[in-house]
1. Ile238 fails exactly one of the following numbered conditions: (1) outside the structural domain of Arg546 (by TED's automatic domain parsing); (2) β-branched (Val, Ile, Thr); (3) at pLDDT 90 or above. What is the number of that condition?
2. For the structure I just gave you, tell me whether Asn440 is more than 27 Å from Tyr284 (Cβ to Cβ) and of a type in the set (S, T, N, Q).
3. Among the residues of the range 602-622, which ones are polar (S, T, N, Q) and free of Cβ contacts under 8 Å to residues at least 12 places away in the same chain?
4. Pick from Ile375, Ile389, Ile363: which is in contact (Cβ under 8 Å) with a residue 40 or more places away in the chain, part of a loop (DSSP other than H, G, I, E, B) and outside the structural domain of Lys480 (by TED's automatic domain parsing)?
5. Enumerate the strands (runs of 3 or more DSSP E) found wholly within the range 176-292, keeping only those where 1 or more residues are in contact with an Asp or Glu (Cβ under 7 Å, 6 or more places away or on another chain) and of a type in the set (Gly, Ala, Ser).
6. Among the residues of the range 182-190, is any of a type in the set (A, V, I, L, M, F, W, C), within 30 Å of Phe71 (Cβ to Cβ) and within 28 Å of the chain's Cα centre (by Cα)?
7. Restricting to the range 571-592, give me the number of residues that are part of a loop (DSSP other than H, G, I, E, B) and farther than 15 Å from Val560 by Cα.
8. Of the residues in the range 510-548, how many are among the hydrophobic types (A, V, I, L, M, F, W, C) and either more than 19 Å from His585 (Cα to Cα) or out of contact with any helix residue (DSSP H, G or I) (no Cβ under 8 Å at 6 or more places or on another chain) (or both)?
Amino acid sequence: MAFKPIAVKESQKPTGRLQTEESEIKKKTAEELSTLEEEKIFREGVVSIRDLIAPAAFRVESSFIQLGDIFCRTLFVTAYPRYISIGWSAPVINMSVTMDVGMFFYPVKAGVILKQLKNKVGALEAQINADTEKGAPRDPIRETALRDIEQLRDNLTQGTEHFFQFCFYVTLYAKKKEELDQTTEDIENIFGSKLIISRKVLYQAEQGFNSTLPLSNDELYIAFNMNSSPIAASFPFISAELTSDDGILYGINRHNNSLVLFDRFSLQNANMVVFATSGAGKSYAIKLEILRTMMMGTDIIVIDPEMEYKHLSDAVGGTYVNISLSSEAKINPFDLPRPIGMEISTEDVIRSAVITMKGLLRIMLGGLTTEQDSIMDRALIETYAKKDITPDADLATVKPPIMQDLLEILEGMEGSGELVMKLQKYTEGTFSGLFNSPTNVDTKNQLVVFSVRDLEEELRPIAIYSIVNYIWNVVRSERKRRILVIDEAWWLMMHEDSARFIFSLVKRARKYYLGVTTITQDVNDFLKSQYGQAIVTNSALQVLLRQSPASVDLVQKVFVLTDSEKYLLLESGVGEGIFFAGSKHAAIKVVASYTEDQIVTTNPEQLLAIEKAKKDFNAQAK
């Protein structure tokens with residue numbers, strides 16, 4: 001078959017200009033394709049954000065999914081009781097486990113619900129009337145449902161309530177399958193205790209996981225009809241309230257800006273521990289507490305290792321006792337309490353004093369062997385007997401012995417040569433001015449501060465032990481509402497005897513209306529001691545201010561903190577931290593008025609400015 005060529009008109013033939021444009025377009029298209037290919041090759045070797053956050057593997061099972069090494073399971077709520085209280089989800093949310101919570105709200109038009117409720121009311125009234133005609137006993141369940149529906153109809157009509165379909169999902173995370181199963185059981189038990197029915201997601205584990213991601217995708221859609229009041233009670237934005245009718249201001253609740261007002265004597269015990277790194281504001285916070293507590297009529301006794309409470313003592317007219325080798329103030333470690341009534345026998349008082357003195361002497365002499373312990377026990381009993389302090393004595397009239405009396409008794413005992421040689425340092429040697437005199441300290445003031453700043457480090461644990469023992473005798477002699485503040489308590493944790501003594505004091509303080517405040521910045525040494533942890537356990541009030549990275553993990557373990565609370569302690573400013581009162585706790589910020597700040601400040605620059613202002617005022621007055 002022959003084909004006849006088609007004639008092309010001259011106007012239809014491509015001109016030179018069109019040919020050039022077509023060529024340029026083809027060239028440009030080829031360049032773009034080449035660029036896209038090169039970019040594709042380049043991107044295949046580039047790490048994206050998605051690559052960084054994606055798990056190494058993803059395995060979907062019937063009831064859980066595995067993301068790399070992490071196991072995930074989603075729970076959903078199917079039914080609620082007739083009444084749920086505000087914050088019902090708090091026990092779940094506050095659990096120290098990793099979880100994601102997803103809540104979805106689907107508004108429903110009031111007209112649709114009112115129509116359904118009207119039909120439901122008609123059905124219930126018909127059933128109730130039928131039961132009445134038959135003479136059947138009344139059905140409380142139907143009557144209660146009818147009242148609830150009528151109340152809801154009124155609220156929806158008036159616009160005070162709105163209606164929603166509500167979905168509540170919880171996705172749990174664990175490193176082991178067994179741990180995931182245990183956490184799931186714990187969550188279901190918490191829901192069950194509140195009559196809330198929950199279920200594990202089956203054969204939709206991936207959809208459940210996706211529903212709690214921060215993508216706002218509800219792939220489960222397991223909803224429950226609910227009006228706005230119980231939905232409002234479901235919101236997890238809750239915080240612990242630590243405001244009471246009585247007590248003093250400790251600070252501001254950082255969760256909701258409410259006041260943290262509390263009376264430490266209203267708890268099971270009035271003891272308190274304060275942990276913070278240097279410069280975090282622990283002494284500032286305690287001095288504020290002292291100042292405010294004194295207005296409530298409470299007596300305060302302070303052991304001050306760095307002369308930080310001198311300015312406060314002078315401002316309120318307190319008694320400031322400087323304990324040093326050359327000071328006139330003396331404390332006799334052999335002092336005895338004056339028992340209240342007949343609740344403590346004289347024999348028990350003497351026995352307790354002997355045990356306490358042996359603990360002090362162990363620290364002073366660097367320990368005792370078994371033989372030396374037996375010798376010292378007999379020597380102490382004879383030393384008290386030398387001053388006619390026996391089980392038949394009247395402790396109100398006796399005069400306690402001093403260290404020289406003990407030395408004289410030991411000199412007459414066989415096998416006590418080494419003890420005599422060591423003890424002479426405290427009766428005739430360098431340290432003779434500390435424990436070898438009768439007590440001449442007056443503690444009748446409302447605020448009494450014992451300073452040990454001018455003592456050598458070797459003597460500080462001994463002096464603090466002796467001061468605490470003296471205070472304990474005063475407390476047992478007269479029952480009054482008191483607070484004992486032991487600053488830098490880690491000095492006492494250095495020796496087992498002093499640590500045991502402080503623990504015993506903290507444990508028994510409640511019986512004598514005493515609250516013991518233990519402050520330390522050396523958190524690791526304090527908490528690693530068995531007595532240190534026991535002191536924390538027996539302290540109903542606990543204050544954690546800013547922590548150092550070296551100690552925050554131990555603090556988190558001891559106080560069972562969440563990761564968020566741990567990071568809060570690392571990032572807190574001065575005077576910020578967490579305040580524990582019994583089973584409740586909240587983030588706190590310590591605040592003071594201008595006048596209080598001038599009295600309790602520990603800032604050296606601020607103290608110098610105050611002293612300069614005083615000198616200028618005195619100079620002008622002259």
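1. The number of the failed condition is (3).
2. Yes.
3. Answer for the range 602-622, where residues must be polar (S, T, N, Q) and free of Cβ contacts under 8 Å to residues at least 12 places away in the same chain: Asn603, Gln606, Asn618, Gln620.
4. Going through Ile375, Ile389, Ile363 in turn, the sole match is Ile389.
5. Ranges flagged: 197-200.
6. The answer is yes, given that some residue of the range 182-190 is of a type in the set (A, V, I, L, M, F, W, C), within 30 Å of Phe71 (Cβ to Cβ) and within 28 Å of the chain's Cα centre (by Cα).
7. The number of residues fulfilling the criteria is 7.
8. Here the count works out to 6.
The values are calculated or read from the model by the stated rules, or taken from the named source; none is laboratory data. Values in this document were obtained by computation on a predicted structure and should not be read as measured data. Neighbour counts run over all protein chains shown; Cβ positions are idealised from the backbone, glycine included.
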